[in-house]
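Below you'll find the structure, written out as structure tokens, and then a few comments.
The values are calculated or read from the model by the stated rules, or taken from the named source; none is laboratory data. None of the values given here were measured: they were computed from a predicted structure. We place every Cβ from the backbone using ideal geometry, glycine too, and count neighbours over all the protein chains shown.
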Amino acid sequence: MVQGQRMVVAPVKASPVVIFGASGMLGHALRQVFPRAVFKGREFDITDAARMRAFLIEHKPAVVINAAAYTDVEGCEENRDQAFDVNGRAPGHIAAVCHESGSLLVHYSTDYVFSGEKEEYFESDRPDPINVYGESKLLGERLIQENHDRFLIIRTSWLFGPHGRNFVDTMLALSRQMDEVRVVNDQFGRPTYTKDLATASAGLVDREPGIYHVTNDGTCSWYEFARAIIPNAVPCSSGQFPRKAKRPRYSVLGSTKTRPLRQWLEALQEYLHEYGR
Ligand SMILES: NC(=O)c1ccc[n+]([C@@H]2O[C@H](COP(=O)([O-])OP(=O)(O)OC[C@H]3O[C@@H](n4cnc5c(N)ncnc54)[C@H](OP(=O)(O)O)[C@@H]3O)[C@@H](O)[C@H]2O)c1
């Protein structure tokens, strides 16, 4: 270098990880696991295609994690367009831009892409959703696969954790207000702690692209889940608890690609100990 000439150091703009949906329940857990990531919460609308493209093309992150979604299963029945925009078309567009920017896309999907007529669903099983939420999430999966080749679609189920609307907190609140809390005893699944899912997600980024099922281990009904949280849950049938959206009866996710996480009951006890009161 010629003496007197200032060395120009380019500012390091590229961040290795960007997280969309960082203000959601899983988003908060991902913040703990990826503390140096760039966090984009609700203020960054993932359906704003032009803004999304400009952002990703400028920053070219190594990894894009999309935890944003329209997760209100009942709301999706009434707001189909919003459901398909947020859960379907937006992830497809993010995938197309990740293809351009060379980023790995990590995206979350759901047990509700399945009808629940089978005992356990593996990654290779054919999805057959029975409600709008499941259909919209399945559209997201399909568009990601059409638009990109470096993606992880992580299907999970029955999430609980801090910073979100979740079943555990709902049960605790209802238990204080009512003598008896009726909970359906004929829908089965795998409760999953966001902390465990976020940690497992980090361990998947070096794996082959594809679909992965990640949940805590063990199976229960919503009633059995409730009984592990509160003493005054009483069982009822889905028929006694009519909802707009049909729910899968047995949406248990199994995996042929990943080892099971710890038992859901152990994870729940940790959550209750830290956040339950
Ligand atoms: N929760 C479960 O039991 C469960 C089960 C299986 C799979 N999953 C999947 O796991 C992922 C994380 O779910 P979660 O439980 O963390 O959901 P969550 O708490 O509802 O978080 C999703 C976040 O996305 C935001 N969001 C909605 N529309 C958006 C938009 N257009 N642009 C930007 N952000 C938007 C939401 O904000 P607002 O709420 O303010 O709109 C919310 O902060 C999702 O892909 C979900 O489908 C969840």
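Annotation for the stretch 118-127: at least one member residue is without any contact (Cβ under 8 Å) to a residue 12 or more places away in the chain, surrounded by fewer than 17 Cβ atoms within 10 Å (Cβ to Cβ) and in a loop (DSSP other than H, G, I, E, B). Within the stretch 83-91, does at least one residue satisfy the condition of being within 10 Å of the ligand (Cβ to nearest atom), among the aromatic types (Phe, Trp, Tyr) and closer than 14 Å to GLY140 by Cβ? Checked against the condition, which is being within 10 Å of the ligand (Cβ to nearest atom), among the aromatic types (Phe, Trp, Tyr) and closer than 14 Å to GLY140 by Cβ, the stretch 83-91 yields no hits at all. Consider the stretch 130-172 and keep the residues that are among the charged types (D, E, K, R) and within 11 Å of the ligand (Cβ to nearest atom). The one that is surrounded by the most Cβ atoms within 10 Å (Cβ to Cβ) is LYS137.
Of the helices (runs of 4 or more DSSP H) lying entirely inside the stretch 161-260, the ones with 2 or more residues being over 21 Å from PRO129 (Cβ atoms), free of Cβ contacts under 8 Å to residues at least 12 places away in the same chain and out of contact with any Lys or Arg (no Cβ under 7 Å at 6 or more places or on another chain) are found at 167-177. Checking each residue of the stretch 101-108 against the condition of being in a helix (DSSP H, G or I), more than 11 Å from the ligand (Cβ to nearest atom) and of a type outside the set (Gly, Ala, Ser) gives no match.
Across the stretch 39-54, not a single residue is classified as of a type in the set (Val, Ile, Thr), at pLDDT below 95 and over 19 Å from LEU152 (Cβ atoms). Taking the criterion of being touching a helix residue (DSSP H, G or I) at 6+ places or on another chain (Cβ under 9 Å), aliphatic (A, V, I, L, M) and surrounded by fewer than 21 Cβ atoms within 10 Å (Cβ to Cβ), the only residue of the stretch 45-55 that qualifies is ALA49. Residue under question is ARG182, and the condition is that it be modelled with pLDDT under 95, surrounded by fewer than 19 Cβ atoms within 10 Å (Cβ to Cβ) and not β-branched (Val, Ile, Thr); does it hold? Criteria not met by ARG182. I'd like to check something: does the stretch 129-150 contain any residue that is under 28 Å from LEU261 (Cα atoms), part of a strand (DSSP E or B) and within 19 Å of the chain's Cα centre (by Cα)? So far as the stretch 129-150 goes, no, none of its residues is under 28 Å from LEU261 (Cα atoms), part of a strand (DSSP E or B) and within 19 Å of the chain's Cα centre (by Cα). Evaluate the stretch 34-44: report whether one residue or more is of a type in the set (A, V, I, L, M, F, W, C) and either under 18 Å from ILE130 (Cα atoms) or crowded, with 23+ Cβ neighbours inside 10 Å (or both). The answer is no, given that none of the residues of the stretch 34-44 is of a type in the set (A, V, I, L, M, F, W, C) and either under 18 Å from ILE130 (Cα atoms) or crowded, with 23+ Cβ neighbours inside 10 Å (or both). Residue count for the stretch 185-213, restricted to those that are in contact with a helix residue (DSSP H, G or I) (Cβ under 8 Å, 6 or more places away or on another chain), more than 17 Å from TYR271 (Cβ to Cβ) and either among the hydrophobic types (A, V, I, L, M, F, W, C) or within 15 Å of the ligand (Cβ to nearest atom) (or both): 5. Taking the stretch 55-70 only, how many residues are under 18 Å from LEU152 (Cα atoms) and either assigned to a strand (DSSP E or B) or touching a Phe, Trp or Tyr at 6+ places or on another chain (Cβ under 9 Å) (or both)? Looking only at that region, the number is 7. Screening VAL8 on (1) part of a helix (DSSP H, G or I); (2) at pLDDT below 95 shows it passes everything except condition (1). The number of residues in the stretch 213-236 being touching a Ser or Thr at 6+ places or on another chain (Cβ under 7 Å) and buried (at least 22 other Cβ atoms within 10 Å of the Cβ) comes to 4.
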